[in-house]
Amino acid sequence: MTLPNFFIVGAPKAGTDGLYYHLDQHPQIYMSPLKEPSFFSSEIRLDNFVEELQSGARAAAESLRHYLDSGVTTKRFGGMVTCMHDYQRLFLSVGNESAIGEGSVSYLWSPSAPSAIASAIPDARIIIVLMDPAKRAFHQYLKSLSDRNVTHSFRVHLEKAFQDKQDRINIYHPFLAFGNYAEQIRRYKEQFSPRQIHLSLYEDLRSDYQGWFRSILNFLGVDDGFTPRPVDIPSTPLFSRLSLLERNGIAAKLRPVVTKLLPRSFKSKIRGSLYQGGAKPSLSSEDRRVLVNYYRNNILELEEIIGRDLSAWRSI
């Protein structure tokens, strides 16, 4: 039985998608062809979605079922693998690769994932990238805006997220919880030794991507002289309202076709047209103040846990 020996666990919007696709090019690395299987996150299950997302989640599950039963022969972004037999299918094509991995950003937020991974694969290596939580939240909002999952302002989005008291997965949960890094990192430190965890900040990859990428390769024990080629990272959906399409099960079928056929320049134009007046929104100082005040104590805890200066994350 072949299972992964390393995981990219998040945080969401912190550059982990790009890392997945770059590692996938390395001849000594095998990456699960399904990005985001979320197998070890027991919270990512159909029954845990709010009612208005149930039909879309079911349509996605049916599409995933066809993908798994058809032999997992192509790359796919997004899934919800719930049983070990299906999870093992993702690694049937492993050959001589020494590093075998998968990436699911839900694993950082998920309370259940660290212990589940440690129980199944105690020697696993864990890759974590953290982003200023205020910026991370805003970037996630921009993605939702681009995907037409929301049409309101970021201020309204924040107000709705603060008011949301549901434990079930919806557009506002776990939107803010994704940035509560202190307890998330603490859970992984309780399950894995320091040598098994590669923890970095988004600023690290932004300031020196090649050096940062080389440190990842060293951590995985593979040739660190490899240089990946640029890639187009899939974005779904590019246009059309997700709620309407997902209700009819159409989005899951159109998404890979549309993403593959549209050139990068046209995708950029489409994303730009989704923003009011064609201008991409920016994070206002007042909205940043709200988020920094919300995350401040968590950031201070995180500084103690990881031993790094995060004062820039606390600046307003």
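The values are calculated or read from the model by the stated rules, or taken from the named source; none is laboratory data. Note that the coordinates shown come from a computational prediction; the quantities given were computed from them, not determined experimentally. With ideal geometry, Cβ positions are generated from the backbone for all residues, glycine too; neighbour counts draw on all protein chains shown.
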- Item | helices (runs of 4 or more DSSP H) contained in the range 147-217 and holding at least 2 residues crowded, with 18+ Cβ neighbours inside 10 Å and free of Cβ contacts under 8 Å to residues at least 60 places away in the same chain | 154-163
- Item | Matching residues in the range 102-127 - criterion: being farther than 13 Å from SER38 by Cα and either in contact (Cβ under 8 Å) with a residue 40 or more places away in the chain or not polar (S, T, N, Q) (or both) | SER115, ALA118, ALA120, ILE121, PRO122, ASP123, ALA124, ARG125, ILE126, ILE127
- Do the conditions hold for LEU108, that is, is it crowded, with 22+ Cβ neighbours inside 10 Å and either within 30 Å of PHE219 (Cβ to Cβ) or under 19 Å from the mean Cα position of the chain (by Cα) (or both)? yes
- Residue within the range 1-13 that is surrounded by fewer than 22 Cβ atoms within 10 Å (Cβ to Cβ), farther than 23 Å from PHE219 by Cα and at pLDDT below 95 present: yes
- Could you list, in sequence order, all residues of the range 28-55 that are more than 21 Å from ALA177 (Cβ to Cβ) and buried (at least 16 other Cβ atoms within 10 Å of the Cβ)? ILE29, TYR30, MET31, SER32, PRO33, LEU34, LYS35
- Message: For the range 88-112, which positions are within 14 Å of ASP24 (Cα to Cα), in a loop (DSSP other than H, G, I, E, B) and small (Gly, Ala, Ser)?
- Response: SER93, GLY95, SER98
- Message: If a residue must be under 27 Å from LEU310 (Cα atoms) and either part of a loop (DSSP other than H, G, I, E, B) or touching a Lys or Arg at 6+ places or on another chain (Cβ under 9 Å) (or both), how many such residues does the range 113-146 contain?
- Response: 15
- Message: For the range 25-56: of the residues being out of contact with any Ser or Thr (no Cβ under 9 Å at 6 or more places or on another chain) and free of Cβ contacts under 8 Å to residues at least 40 places away in the same chain, which is farthest from SER119 (Cα to Cα)?
- Response: GLU51
- Return yes or no: is PHE178 of a type in the set (A, V, I, L, M, F, W, C), closer than 26 Å to ARG45 by Cβ and in contact with a Pro (Cβ under 8 Å, 6 or more places away or on another chain)? yes
- Here the residues within the range 40-68 that are basic (Lys, Arg) and under 24 Å from PHE7 (Cα atoms) are ARG45, ARG65
- Note on the structure: Apart from one, (1) closer than 15 Å to LEU19 by Cβ; (2) of a type outside the set (Lys, Arg); (3) at pLDDT below 95 all hold for ASP164; the odd one out is (1)
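Residues that are over 30 Å from VAL231 (Cα atoms) and at pLDDT 50 or above: does the range 265-282 have at least one?
The answer is no, given that none of the residues of the range 265-282 is over 30 Å from VAL231 (Cα atoms) and at pLDDT 50 or above.
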